[in-house]
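Report on one structure; see the data block that follows.
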Amino acid sequence: MTSFSRLFSWPLRAQFCAGGFGIFKCRMIFFLALFLAANLFPSARAAETNNDLSRWRMIDVPRDATNGLGRWIWSAQTTDKQFCQLWRAFEIPPGAKVSRALLKMTVDNGYRFFLDGRELGQGTEWRALTQYDITLLLTPGTHTLAVIAFNDFLQAGLILGLRVELADGRVIEVKSDESWRIVPNDESGSEFKKQAAANWPTAKILGARDSSPMWWTDRPLDFVTVAQFKPVEIPLWHQGWFHVALASFCGLALLVSLWLMAQLIVQNKEHQLLNLERSRIARDIHDDVGTRLTKLVLQGEVAQSTQPANSQVRRQLDTICEGLRGVLGAMDEVLWAVNPRHDTLENFIAYLCDYAQTFLQNTKIQCRLEVEADPPPLNFDLPLRRSLLLVVKEALNNAAKYSDASQLTLRIYRNGQKLVVVVEDNGKGFDMSQARPDRNGLTNLFQRMTEAGGECQITTRPGAGCRVEFSLPLSGRPVRHWFFNRPPPSEPNAHSMEHQAAAPENRESSRN
């Protein structure tokens, strides 16, 4: 105060003293001015605040904004930092069509609003009333309104009103009143429930002493309109039936895969046992029957040596020995076919080349081989080997008997997924139109290749030799199987064994 006196004492004294005022009166006037200023400034600040609130109020807030609202409700107890879950269910009559449905609400202080478990909005300004258009979301049946409200401090409350207009003129109204239920905070998922639990207490309507003096009474300070909600369009791959169908399909595929795997395991086990049995049969035939036949041949040769050179007995013994050698050769082919170690393309090519050279070595025909250098390790099953071996033997036999050739070429190569075997000679050839299939076995060549799924082509003319081409599709399976790491088996064919055993060719060596 001393400072204010020093600031204004001399000017005031100069002014007022000239008018006859004393120093005491001047100081009284100065203190009166300070008092008026201290009381006028708060009034001005309050007026300014009121002007701000009036400017904050939207001019487009409708006069009937509060029509259809219920009363302020809350739980029985109100505390600071409080969460309150409010729940209400209502019914749309069966067969009814909703033409308009508007919901207005606000919460002191904030809220999250759910309809049938779907969150539609949030709010944090209790002075603003929010209107939601839920016309397209309401269908005949039971629906649930759920509000998760939060009170920061002091008073708290929810006010809400829902008006549903049906196409037939009926109106359904849901307001905030004592019919609402308070959901305990330790329970979750209440927004999805269609029926209230027995332990959910009813809401409390707030009276005058529970209300806040700051709550609006005539109109809200703002009115917010939310755009119309549309039903959630769930994509096909997000729908429940699709998930069930997909899970069922996956389960079925898994069961089928397990079944196929079990079948594969059993089949490969059977093939493995079959391979062992084939190996045992080949070994027993070689060790037992082969030894007995060899012994008979040696005994026949010894008996033959004791007879005179031109005797009838010696000639008969010679015939018997030759027949036994033929049986040994036929048995060798049977053993080669039965043994599972020979179920490969490489082994078949080697056997075929060796057979052609052995068959033609006692003839005037020179055998020429043209074979792929490194054949792949592919499986070549017994039925295919048997069919191809028989037709090649028939072609070699025809060339040795009828071609009068000096050279025969055996070509073996792969053409894509096919194995091609060509038997070509430089003999006299023949006219296909005049050939007799019943004598040279041409019919058998075409028939066997057709049965095996292959093809046979014969190119010849008189004086230009003959070319016989066999093509057979390869299975393409690797020799080693992925599961058992063993060669896939092939079942022996009894007819093929008998046919090969009856073959007239003679073999001198035995192959296992």
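The values are calculated or read from the model by the stated rules, or taken from the named source; none is laboratory data. Quick caveat, the model's predicted, so the values are computed rather than measured. In this analysis, Cβ positions are derived from the backbone assuming ideal geometry, glycine residues included, and neighbour counts consider all displayed protein chains.
Among the residues making up the range 103-117, a single one is surrounded by fewer than 18 Cβ atoms within 10 Å (Cβ to Cβ) and at pLDDT 95 or above: Arg112. Among residues of the range 60-102 being of a type in the set (Val, Ile, Thr) and part of a strand (DSSP E or B), the one that is surrounded by the most Cβ atoms within 10 Å (Cβ to Cβ) is Ile73. Scanning the range 154-185 for residues that are within 21 Å of Asn109 (Cα to Cα) and assigned to a loop (DSSP other than H, G, I, E, B) turns up Leu154, Gln155, Ala156, Ser176, Asp177, Glu178, Trp180, Pro184, Asn185. Total residues in the range 441-475 satisfying the condition of being hydroxyl-bearing (Ser, Thr, Tyr), in contact (Cβ under 8 Å) with a residue 12 or more places away in the chain and either surrounded by 16 or more Cβ atoms within 10 Å (Cβ to Cβ) or not in a loop (DSSP other than H, G, I, E, B) (or both): the figure is 2.
Within the range 131-145, if we keep just the residues that are buried (at least 16 other Cβ atoms within 10 Å of the Cβ) and touching a Gly at 6+ places or on another chain (Cβ under 8 Å), the residue that is farthest from Tyr111 (Cα to Cα) turns out to be Thr144.
Would you point out the residue of the range 164-194, among those that are charged (D, E, K, R) and within 48 Å of the chain's Cα centre (by Cα), that is farthest from Leu138 (Cα to Cα)? If we take residues in the range 164-194 being charged (D, E, K, R) and within 48 Å of the chain's Cα centre (by Cα), then Asp186 is farthest from Leu138 (Cα to Cα). Look at Gly161 and say whether it is surrounded by fewer than 17 Cβ atoms within 10 Å (Cβ to Cβ) and in the same structural domain as Ile205 (by TED's automatic domain parsing). In short, no.
The set of residues in the range 195-230 being modelled with pLDDT of 90 or more and exposed (fewer than 11 other Cβ atoms within 10 Å of the Cβ) consists of Gln195, Ala198, Asn199, Ala227, Lys230.
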